[in-house]
Amino acid sequence: AFVFIFFILAVSLFACAQISAARHEEAGQRLETLLAQPVSRTTWLGGRLLLASCGAAAISLAAGLFTWAGAASVGVHISLERMLEAAANCLPNGLLFLGIAALAYALAPRPSSGIAYGLVTATFLWQLAGALLGAPHWLTGLTPFAHIGLVPTQSFRTDAALVMLAIGAASA
């Protein structure tokens, strides 16, 4: 179950990489031909966000399936349904950071990659260090990583997932 926190981190970093790639496409003037067509910058970015969301879902699904297959191959009995639930658990955090990275890109395009990667790294390390040092719950609760149920040993936290998805969508 603890290994899925690293899958959640990987999906979050993937989301940041997608916004970073969008920034590099625009900065490298590789979009001039595309944006000279009847495609607005907003439509282009919306397409990138949709593609990034689908990519995050695919990575999450693959993590769940491969983890289940790996566990089954060594004789560990865990249901495929619980592993797919663990895979779905990776998405809200990743989509939260995708939305925040898109907002950073809109407000401050040049430093947006650093802001996005820095935020994911800082919140993950805050959660990890806080848990190891026994920091008060209100302090570690400031990071979105603290609101993730470590499926399959814990329940999926629907309320926290919905809040993360709402914040990510509003930010995007």
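The packing ranking of peptides 100-106, 44-50, highest mean first, is 100-106, 44-50, where packing means the average number of other beta carbon atoms within 10 angstrom of each residue. Using a 1.4 Å probe on the protein heavy atoms, what percent of the accessible area of the chain belongs to carbon and sulfur? Its accessible area is 71 percent carbon and sulfur atoms. Of the three principal axes defined by the Cα atoms of the stretch 115-172, the extents in descending order read 33, 31, 19 Å. Membrane-span-like helices of the chain, defined as complete DSSP H segments with a Cα extent of 15 Å or more along the helix axis and a mean Kyte hydropathy of at least 1.6, are identified as 91-107.
Determine, at each q value in 0.12, 0.13, 0.17, 0.20 (inverse angstroms), the log₁₀ of I(q)/I(0) that the Debye formula gives when each Cα of the chain is one equal point scatterer. Those come out to -0.58, -0.67, -1.02, -1.27, one per q.
Solvent-accessible area per residue in the chain equals 53 Å², computed with a 1.4 angstrom probe and all protein chains kept.
The values are calculated or read from the model by the stated rules, or taken from the named source; none is laboratory data. Because the structure is a prediction, the values reported are computed rather than measured. In this analysis, Cβ positions are derived from the backbone assuming ideal geometry, glycine residues included, and neighbour counts consider all displayed protein chains. Keep in mind that these areas ignore ligands, DNA and RNA; they rest on the heavy atoms of the full protein, side chains included. Shrake-Rupley method; radii C 1.70, N 1.55, O 1.52, S 1.80 Å.
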